[in-house]
Amino acid sequence: SARPRIFSGMQPTSDSLHLGNYLGALTQWVALQDDHDALYCVVDLHALTVNPDPAVLRERTRRTAAQYLAGGVDPARSILFVQSHVAEHAELAWVLSCQTGFGEAGRMTQFKDKSAKQGAEGTTVGLFTYPVLMAADILLYDTHVVPVGEDQRQHLELSRNLAQRLNARFGAGTAVVPEPYIVKETAKIYDLQEPTAKMSKSAVSPQGIIELLDAPKVIGKRIRSAVTDAGREIRYEPATKPGVSNLLAIHSALSGRSLTDLEESYEGKGYGDLKVEVAEVVLEALRPFQERFAEYVGDPAELDRVLADGADRARAIAGTVLERVYERVGL
Ligand code: ADP
Ligand code: NA
């Protein structure tokens, strides 16, 4: 097809996605599936780098897929699948690992951060080669665009370098060089308790996170307890008013109202009013999400069918690309 191909994925490393994943990734994916040839993947091979319990990993893989569906990924238009169901990811990763410099991989800042935390003995080779597997995920589908947050920029750069290297060594057309798709700054969601840090499942305190599958009561409480800023004016000023700006960005993303419109509507009102409305908007968006999630999780046979179909369609593309690469490199 003539539409640009897009690939993205999330790791099944938690029971529930959070609001940052939802606004910064999932809702973007859903919007992009209209005019792109989209592949959305649950990257369970990547999740192995943190050595999860087998039963927990398997369960989270299914829950993550069900959340993609609940958020609006449409398997009739997009290919939704689980990474380990398509063996070609690991096969292309090997070829790419033989094209990646040891020093080049060692310069990845995410590896440096994570390995520093885990220590030399706790750090696996898999964590080291994680960005190579990510490059394989992308190049395996001749991907044109990859939505990336700031923390994945360097990894995408490696994917681009590897694609260019393959083309230089093995001939033009061996790989497609992917471009980043940068999401809007307002799609980045910050921790409710520490609004200068991004909302993340690895946050120090769970109080700052909104999990999509949390009970409405818990979500409402977390929003009402969000840290706000000095002063009383409700304005979108991330540098000086990070807490209030984060709440406004959440409101705007979910209600579709512009930041200026919201600022005007809150003139003369207080932070408490803003929090009440943000909680309403979030709960309204998450109610249907939670209902759809329950439907998919309550029908395991249907989820299996969707994922098997997605894997078949992904494999059809992956097989062709891998065959081309194998042929070029002499396998
Ligand atoms: P986490 O930081 O919780 O580990 P991941 O790194 O697994 O999240 O990110 C999965 C996807 O969600 C990525 O596309 C990432 O850019 C997006 N994402 C994660 N946190 C946020 C956030 N706070 N705001 C916007 N997007 C986010
Ligand atoms: Na992360």
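The values are calculated or read from the model by the stated rules, or taken from the named source; none is laboratory data. Everything quoted here is computed from the prediction, not taken from an experiment. Glycine also receives a Cβ, built like all others from the backbone with ideal geometry; neighbour counts cover every protein chain displayed. Just so you know, the surface numbers come from the protein's heavy atoms only, side chains and all, with ligands and any DNA or RNA stripped out. Shrake-Rupley method; radii C 1.70, N 1.55, O 1.52, S 1.80 Å.
The set of residues in segment 197-211 that are away from ligand 1 (no atom under 12 Å from the Cβ) and either in contact (Cβ under 8 Å) with a residue 12 or more places away in the chain or open to solvent by less than 40 Å² (accessible area, probe 1.4 Å) (or both) comprises Ser205, Gln207.
Checking each residue in segment 52-88 for being open to solvent by 10 Å² or more (accessible area, probe 1.4 Å), without any contact (Cβ under 8 Å) to a residue 60 or more places away in the chain and of a type in the set (Val, Ile, Thr) picks out Val56, Thr61.
The residue list Val204, Val183 contains one member that is modelled with pLDDT under 95, within 22 Å of Val281 (Cα to Cα), β-branched (Val, Ile, Thr) and within 16 Å of ligand 2 (Cβ to nearest atom), which is Val183.
Selection of segment 138-159 for residues being surrounded by 19 or more Cβ atoms within 10 Å (Cβ to Cβ), away from ligand 2 (no atom under 16 Å from the Cβ) and in a helix (DSSP H, G or I) yields Ile138, Leu139, Leu158, Ser159. Which one is nearest to ligand 1 (Cβ to nearest atom), of the residues in segment 35-51 that are open to solvent by less than 40 Å² (accessible area, probe 1.4 Å) and in a loop (DSSP other than H, G, I, E, B)? Of everything passing the filter in segment 35-51, Val43 is nearest to ligand 1 (Cβ to nearest atom). Would you mind telling me which numbered condition in (1) without any contact (Cβ under 8 Å) to a residue 40 or more places away in the chain; (2) under 30 Å from Glu91 (Cβ atoms); (3) within 11 Å of ligand 1 (Cβ to nearest atom) Lys184 fails? The failed condition is (2).
The number of residues in segment 89-124 being in contact (Cβ under 8 Å) with a residue 24 or more places away in the chain, in a helix (DSSP H, G or I) and surrounded by fewer than 16 Cβ atoms within 10 Å (Cβ to Cβ) comes to 4.
Restricting attention to segment 4-16 and to residues that are away from ligand 2 (no atom under 13 Å from the Cβ) and closer than 16 Å to Thr143 by Cα, the residue that is surrounded by the fewest Cβ atoms within 10 Å (Cβ to Cβ) turns out to be Pro4. Being away from ligand 1 (no atom under 16 Å from the Cβ) and out of contact with any Asp or Glu (no Cβ under 7 Å at 6 or more places or on another chain): is that true of Arg107 here? When the stated conditions are applied, Arg107 passes them. Looking for something touching a Pro at 6+ places or on another chain (Cβ under 8 Å), away from ligand 2 (no atom under 16 Å from the Cβ), outside any loop (DSSP other than H, G, I, E, B) and within 22 Å of Pro12 (Cα to Cα) - is there at least one such residue anywhere in segment 246-254? No - not one qualifying residue is present in segment 246-254. Evaluating Arg292 against the criteria (1) open to solvent by 60 Å² or more (accessible area, probe 1.4 Å); (2) touching a helix residue (DSSP H, G or I) at 6+ places or on another chain (Cβ under 6 Å); (3) over 19 Å from Leu19 (Cβ atoms) leaves one unmet condition, (3).
Among Leu32, Leu26, Leu19, which is under 18 Å from Gln290 (Cβ atoms), open to solvent by less than 40 Å² (accessible area, probe 1.4 Å) and in contact (Cβ under 8 Å) with a residue 60 or more places away in the chain? Explain how you work it out, then say what you get.
Details: Leu32 fails: under 18 Å from Gln290 (Cβ atoms); Leu26 fails: in contact (Cβ under 8 Å) with a residue 60 or more places away in the chain.
Only one candidate qualifies: Leu19.
When Val227, Val278 are checked against the criterion of being in contact (Cβ under 8 Å) with a residue 24 or more places away in the chain, under 17 Å from Gln193 (Cβ atoms) and not in a helix (DSSP H, G or I), Val227 stands alone in meeting it.
Among the residues of segment 162-179, the ones that are surrounded by 16 or more Cβ atoms within 10 Å (Cβ to Cβ), touching a residue at least 24 places away in the same chain (Cβ under 8 Å) and of a type outside the set (A, V, I, L, M, F, W, C) come to 3 in all.
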